[in-house]
Amino acid sequence: MSFPLLTATALTPAIGAIATAAVPAARRTAAKWLALLFSLATVGFAAAVLLRFDTGAGADRFQLTESRSWIEDFGVRYELGVDGIGAVMIALTAVLLPFLIGAGWNDADEAEHEAANRRWRPTQGFFALMLMVEAMVIMSFAATDIFLFYIFFEAMLIPMYFLVGGFGDRAGELDEEGQSRQRSYAAVKFLLYNLAGGLIMLAAVIGLYVATADQLGTGTFSLQAILQARASGELDLATGTERWLFLGFFLAFAVKAPLWPLHTWLPNAMGEATAPVAVLITAVVDKVGTFAMLRFCLGLFPEASDWATPVVLVLALISIIYGALLALGQRDMKRLIAYASVSHFGFIVLGVFAMTSQGQSGATLYMINHGIATAALMLVAGFLISRRGSRLIADYGGVQKTAPVLAGTFLIGGLATLSLPGTGPFVSEFLVLVGTFSRYETVGVIACAGIVLAALYVLVLYQRTMTGPVKAGLEKLPDLRVRELAGGAPLIGLLIFLGVYPKPLTDIVNPAVEHTLSDVDQTDPAPHVVPEVEAAE
Amino acid sequence: MSALATALAAETSTSTGEAVQFWVLGPLAVAGGLGTVLMRRAVHSALCLAGTMVILAMFYLANGAYFLGMVQIVVYTGAVMMLFLFVLMLVGVSATDSLKETLKGQRWLAAGCGLGLGILLIAGIGQASVGSFTGLAQANADGNVQGLASLLFTRYVVAFEVTGVLLTIAAVGATLLTHRERIERTKSQREQAAERVRGDHVPPLPAPGVYARHNAVDLPGLLPDGTPAELTMIETLRGRGQIREVHRQSVADVAALEARAAGYHGQTYMATAPKPRSVTALETTGRPDESGAVTDPRDAGPGTTGTTGSTGTTGTEDAEEARQ
Amino acid sequence: MNPENYLFLAALLFTLGASGVLLRRNAIVVFMCVELMLNASNLALVTFSRMHGNLDGQIMAFFVMVVAAAEVVVGLAVIVTVYRSRHSASVDDASLMKL
Amino acid sequence: MESLIGLLVGAPLLGAALLLVGGRRLDRVGHWLATALAATSFVLAAVLFSDLLDREGEERVLHEHLFSWVPVADLRADVAFQLDQLSMTFVLLITSVGTLIHLYSIGYMAHDERRRRFFAYLNLFLGAMLLLVLADNYLLLYVGWEGVGLASFLLIGFWQHKPSAATAAKKAFIVNRVGDIGLSIAILLMFTTFGTFAFEPVLDGATGASEATLTGIGLMLLLAACGKSAQVPLQSWLGDAMEGPTPVSALIHAATMVTAGVYLITRSGAIFDAAPDAQTVVVVVGAVTLLFGAIVGCAKDDIKKALAGSTMSQIGYMMLAAGLGPVGYVFAIMHLVTHGFFKAGLFLGAGSVMHAMNDEVDMRRYGGLRRHMPVTFVTFGLAYLAIIGFPYLSGFFSKDEIIYAGFAKGGTEGWILGGVMLLGAALTAYYMTRIMLMTFFGEKRWQPDAHGHEPHPHEAPLTMTIPMIVLAFGSVFAGFLFDSGEAFVHWLEPVTGLEHGDSPVGHGTVGLAATAVMVVGVAGAWFQYGRRPVPAVAPTGRLLTRAARRDLLQDDFNHAAFVTPGNYLTRGLVYLDHKLVDGLVNGTAASFGGLSGRLRRVQNGFARSYAVSMFGGAALLIAATLLMRAV
């Protein structure tokens, strides 16, 4: 068996987490550097994954596969493998983490001050938890065994819970104990919401096992095995069963990738957490949800997905419009970004369930771009908040006068968020729209309204915070420090690159999308008029 | 006994004698049970229980369980119930606990459960009823005790040993539970003696009723000037406020007696001095809490009679309060 | 008369004891009621042994007695200690089982 | 040769990137660098132009395929350029005017400490605009489309510390976004209809699609055009856009960007030709805007806003022409180019006036400036004559052709259109003369400004005057050049096609009529502003005037129709989200909590009640066993 690349990719941050956690209390800086080091190492492995991934025609769907027996009795195997989508998602996770660590360099200090006893070392804890989340996310992107996936899908809640609940942002100091209560409230809400979804999924997972056991003789959790069985016709779930199982899976994923009306945990969590953690939530962890919809919901339950599509599309539409409108109504910067994310997740789900290659490639690209764009926006917002100590938009104004670079980065992040052509999100959003429109015209048209709303909330935010006369208390606002700029600039570069030349990504993603479509046995609708014919006449 | 054993050999129905016994004693047993449950004083219910147990012993005997019958009487009625009574003594016999229910709905629930349980049990027994029964004739052929023993030491020997262990543990546990740790060291004789000497009065306390018209514990002894002496009052009585007051008359008499005695000895006795003071002392009574200041008898001279008087009369005061 | 009546009597006594346990507050009385129940069961056992014509029932009853004895000893000790600590033998006063 | 196209687009973009990333160290050379790059692209454009001229009419098209952009399944979006006569015309206009305005800005922004950024944005705009006109597919065009939107956003809001500027910038971007919906939907429709959105297949295949679809596409494109070209109903942003520095108004909001809509319509001519209904709508929109802008222009006292109104009106002409189909395309573009020259000239003139008057924009505070700033006066005057269509100046040719084409529509429509345009011409003459008189004639009306500085008008520096002079030349001779031997028509014909509609009235008559109404308009203005002195404070005019001052209530309408309801909607939703959606969730949680709390009561700590449950359980068990045995 060749070198287990995926395991290595996932293991690196895990080891990093342990190492970081082991650093003695006094050596805080050492812990930070250690964490950064390991996250960079992970980037290396992720890059290796991308390079080793064969995009050529006829390359099999799941590559870099590893398979070891784990729990024989229940057919649970340690099966890893990535298709194009998984590969790019892993890359996204790995790439984002160093920036988050860099941006969160001093975020644990508050906790350090609060920490009464030296035994609990907040800094070490913070970075260790972050790395732990990364490891688990990568595992869930790589797992092709449903049970294995489920384990990490759920397990990543634990470190996330502590990250959200344990490390508020400096804005917390504004309203004293109310804040901390808010924070723990948000953390608990996050946990319960996702746990609830996860438990339903667990039921569905077991149900699937039983169903396979019924029809294949031996139950299995292996995605590939099930796909093959379905392809060969050995496995043909009864309509009712399939729909129930689908709902079980979908609900969990819909909570994770907040789909209206299951979105309410996201604003609280993102609002209370520190900026890097908020990015971790929306840019990395939530992506597991949409990713899983694409890989599991569609792959395992094609008929049910087809059956559920209308409802899902409507929900996605509502998310798009609703999230945008609520973002417009927020007074708190981070909550605004959170609701914007809700809107964007609406787009992603729309693309996934449009059942066209453009839609699904678009959705995948959207996951990537949205991750980066939100990261850029949120991190800069975090820098701003950490300077002023307030999250309220009303407390800002005229920042561009005192901190032009910060304002500029913020603007670019915002423009990317409103998917301006030339930045990555535009490509993905356009693809999603095309994919949707070519099958469901009205839906596509309504989704277009999201474009304007996005422009509205981003620009209103920018205008209120950055332009106009300088608000009192901001006269001395320092501009971006080198560390912060180093965190922001590459992201922006990446955004622009992906907007100008996304081909490398699409090349990796397209085959996977083709496979998914063939799983769902759907084909792209053909154009009404074929130009060649016209030319012939 | 052996006759009874043979009588037990009957197949479908027991002897009329036993029937009579059952129908006489059975209701009694039930009554005892009821008493146990319903008596307000724990002692009474204990007695009822004892009665029931004895009756049960009878039934054991009638059922051919001679050994158990005896054990029942000896161990249960003899030992266990006595234990109960002892504990009752410890806890306080006099306390009669009210049967008024404090927990909401507890009574109804209890009634429901009890009835349900009883009905179900009886129903169950009735359902499982078999007409005939094999007596213990051959089981008890060579004596009930022997039979038991042979079983006990063969088949049930392990359980038997275990119960032994259990009993031991129980004994130890009981002692542990009831054992009270004493915190301070016991005083040696020498220390007690030292205390005595270093204490207030070397001689034994004066008996009450010195110079009293009638020697009764509830009358304080009088000092030569007629004022009541603190030390002669018994703490308990004072605490209960049962010290009787010394009548003025008697105080005056004592004074006169003293004066006469002094005159007889050819000494001048300023007897006039104490009288009014003592009188005033008797009228102007201090509050009980002031009486707490117990003065030293050795310097209970004319100088301090005021205080002593006040204390003396305090007792009377308390007595009056007690009477009201 | 059929020895079953003993069983009915036993049931009756058992029920009485049970309701006593439920109704009385005085720990000692409760304890006595427990004893009553035990005795009822003993009676039943003895009767069974007679009906089936072997002594195992009696053995059982015997063990019950022993255990009951042990239980009484310990239980009473407990009661005494509880009484020492909180000057009451009422089972309701020892209601610290809830938080 | 093709590779030059890439450079052409790339140069300004490179400049923008350099200036933005370069930081302070480029502050001193930044503006020159930007201007140089703009000039470079102009030179490249000229080279390409000469190259095209060497070819035959039909071969005058270059294709440059840079790289495949978003290939997904059968969706092929490439970064590829197409340079034909139409785009060439635009490229020349953009680069030339752009370069001039770069030059002008050097002087105009001399005292602004953020000048480097300004030039970066200008370059960015130039690049985006070139991308727009050079794209060979609608998606890439969309990129340029939004790019210019962004540049205009940045430049309008360049003085961000002014809340009014920031708001105006936001407004412009949002309104344009509304238009962009149209463009994106049009692109989506194209993809679903033709399976591609490259110009050639779409336009060739257009006739194959159903008319309904084409009408849909056409209307969506029109929506986009309305947004970008400030046509009714999406015109409201242009007036506010004047918050930006004057060169911006000249370059973006007069000469180039706002004409992108016309380019889009003309480019998509094939679609519109196949969808007459859409064409009609275009014509109507054009006609309405034409009058709308003119009326607004008549009432404004702010010189830039008056010019903005004029811009709207002129673009209305172009739209109308473009809506007329092959009859009008050529002249739409022709008018677009001439307008580019003279309107830029006018704005630059206005800029230099403001420059001289401490950024005073109220024309009632001007007056008699012709003595103080002769160059400005002359150039501005020439541009003025051009726009009002003074015979044999550029405006004359282009506008008259459009009016003629309008008549050529034939029937009552023809008469209506012609009439409307003549009326527009009269109004144009009126408001332009008004501006002219109020600014340069009469006695001086200026007072010390807020800081008490008495403005002492002076002629602008050379960097500012040279562009004005060049543009003046353009506005004088462009029309003549174009018209001589119908050079322009022949040049564009291969792309846009051309029909000579037969109109009830001949060319000459139209020319005479136009001149006549022009004279009327001038006279009207003269009687009102030339003869009697201009009041320093605007008199509360008639209802129409007041409405026109408020941009014919367009903002009030938008506010009432969209903004206020939107605000209520968002507030309501926020409340609902908190109370209803979140409330449901928390409600479930709370109910569980309550339930468990109630269950906790069972555990009351009383041994006896536990005993009850015990016995109850025992009873149940016995009952169960009995039942089991019973059944």
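The values are calculated or read from the model by the stated rules, or taken from the named source; none is laboratory data. Just so it is clear, the structure is predicted and the values come from calculations on it, not from any experiment. We place every Cβ from the backbone using ideal geometry, glycine too, and count neighbours over all the protein chains shown.
Worth a mention:
- Just so you know, in the range A:480-532 the residues that are outside any helix (DSSP H, G or I) and charged (D, E, K, R) include one that is surrounded by the most Cβ atoms within 10 Å (Cβ to Cβ), and it is A:Asp524.
A quick yes/no check of all residues on (1) over 17 Å from the mean Cα position of the chain (by Cα); (2) surrounded by 24 or more Cβ atoms within 10 Å (Cβ to Cβ):
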site	(1), (2)
D:Ala206	yes, yes
D:Glu211	yes, no
D:Ser236	no, no
D:Thr246	no, yes
D:Leu251	no, yes
D:Ile271	yes, yes
D:Pro276	yes, no
D:Gly286	no, yes
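- Residue check for A:Ile281: part of a helix (DSSP H, G or I), within 20 Å of the chain's Cα centre (by Cα) and under 23 Å from A:Ala455 (Cβ atoms): no
- Taking the listed residues D:Val337, D:Val375, D:Val327, D:Val361, the one that is of a type outside the set (Phe, Trp, Tyr), over 21 Å from D:Lys300 (Cβ atoms) and surrounded by fewer than 21 Cβ atoms within 10 Å (Cβ to Cβ) is D:Val375, with no other qualifying.
- The residue that is farthest from D:Leu320 (Cα to Cα), counting only those in the range D:262-299 that are among the polar types (S, T, N, Q) and part of a helix (DSSP H, G or I), is D:Thr266.
- Test: residue in the range B:39-49 that is over 30 Å from C:Ser85 (Cα atoms), facing another protein chain (nearest Cβ under 7 Å) and out of contact with any Asp or Glu (no Cβ under 6 Å at 6 or more places or on another chain): no
- Condition met for D:Thr215 (more than 14 Å from chain A (Cβ to nearest Cβ) and buried (at least 23 other Cβ atoms within 10 Å of the Cβ)): no
- Whichever residue in the range C:21-30 is part of a helix (DSSP H, G or I) and either within 7 Å of chain B (Cβ to nearest Cβ) or among the aromatic types (Phe, Trp, Tyr) (or both) and, among such residues, is surrounded by the most Cβ atoms within 10 Å (Cβ to Cβ): C:Val29
- Looking across the range B:125-149, just one residue is more than 7 Å from chain C (Cβ to nearest Cβ), over 30 Å from B:Glu161 (Cα atoms), part of a loop (DSSP other than H, G, I, E, B) and not small (Gly, Ala, Ser), and that is B:Val130.
- The selection criterion, being farther than 30 Å from D:Val148 by Cβ, out of contact with any His (no Cβ under 9 Å at 6 or more places or on another chain), within 8 Å of chain D (Cβ to nearest Cβ) and without any contact (Cβ under 8 Å) to a residue 40 or more places away in the chain, does not hold for A:Val482.
- For the condition under 21 Å from A:Phe437 (Cα atoms), part of a helix (DSSP H, G or I) and within 16 Å of the chain's Cα centre (by Cα), A:Gly351 qualifies.
- In the range B:166-200, the residue that is farthest from C:Ala68 (Cα to Cα) out of those that are within 10 Å of chain C (Cβ to nearest Cβ) and exposed (fewer than 11 other Cβ atoms within 10 Å of the Cβ) is B:Arg180.
- Of the candidates D:Gly22, D:Gly10, the single residue that is among the small types (Gly, Ala, Ser) and modelled with pLDDT under 85 is D:Gly22.
- Test: residue in the range A:415-424 that is surrounded by 24 or more Cβ atoms within 10 Å (Cβ to Cβ), of a type in the set (A, V, I, L, M, F, W, C) and in a helix (DSSP H, G or I): yes
- Considering the range D:183-197, the residues that are among the small types (Gly, Ala, Ser) and at the interface with chain A (Cβ under 9 Å from one of its Cβ atoms) include one that is nearest to D:Ser68 (Cα to Cα), namely D:Gly195.
Condition check ((1) in contact with a Cys (Cβ under 9 Å, 6 or more places away or on another chain); (2) outside any loop (DSSP other than H, G, I, E, B); (3) in contact (Cβ under 8 Å) with a residue 24 or more places away in the chain; (4) not charged (D, E, K, R)) across all residues:
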residue	(1), (2), (3), (4)
C:Ser19	yes, yes, no, yes
C:Met32	yes, yes, no, yes
C:Glu35	no, yes, yes, no
C:Asn54	no, no, no, yes
C:Gln58	no, yes, no, yes
C:Gly75	no, yes, yes, yes
C:Ser85	no, yes, no, yes
C:Ser88	no, no, no, yes
C:Asp93	no, no, no, no
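- Taken over the range A:436-452, the criterion of being in a helix (DSSP H, G or I) and over 22 Å from the mean Cα position of the chain (by Cα) is satisfied by A:Phe437, A:Glu441, A:Thr442, A:Val443, A:Gly444, A:Val445, A:Ile446, A:Cys448, A:Ala449, A:Val452.
- Here is the figure for the range A:427-458: residues that are of a type in the set (A, V, I, L, M, F, W, C), buried (at least 24 other Cβ atoms within 10 Å of the Cβ) and over 19 Å from D:Leu223 (Cβ atoms) total 4.
- Selection of the range B:62-93 for residues being more than 10 Å from chain C (Cβ to nearest Cβ), at pLDDT 90 or above and surrounded by 17 or more Cβ atoms within 10 Å (Cβ to Cβ) yields only B:Ile73.
- Residue list for the range D:574-631, restricted to those being within 14 Å of chain C (Cβ to nearest Cβ), β-branched (Val, Ile, Thr) and either surrounded by 16 or more Cβ atoms within 10 Å (Cβ to Cβ) or not in a helix (DSSP H, G or I) (or both): D:Val612, D:Ile622
- Matching option when the condition is under 27 Å from B:Ala19 (Cβ atoms) and part of a helix (DSSP H, G or I), among C:Asn42, C:Asn2: C:Asn42
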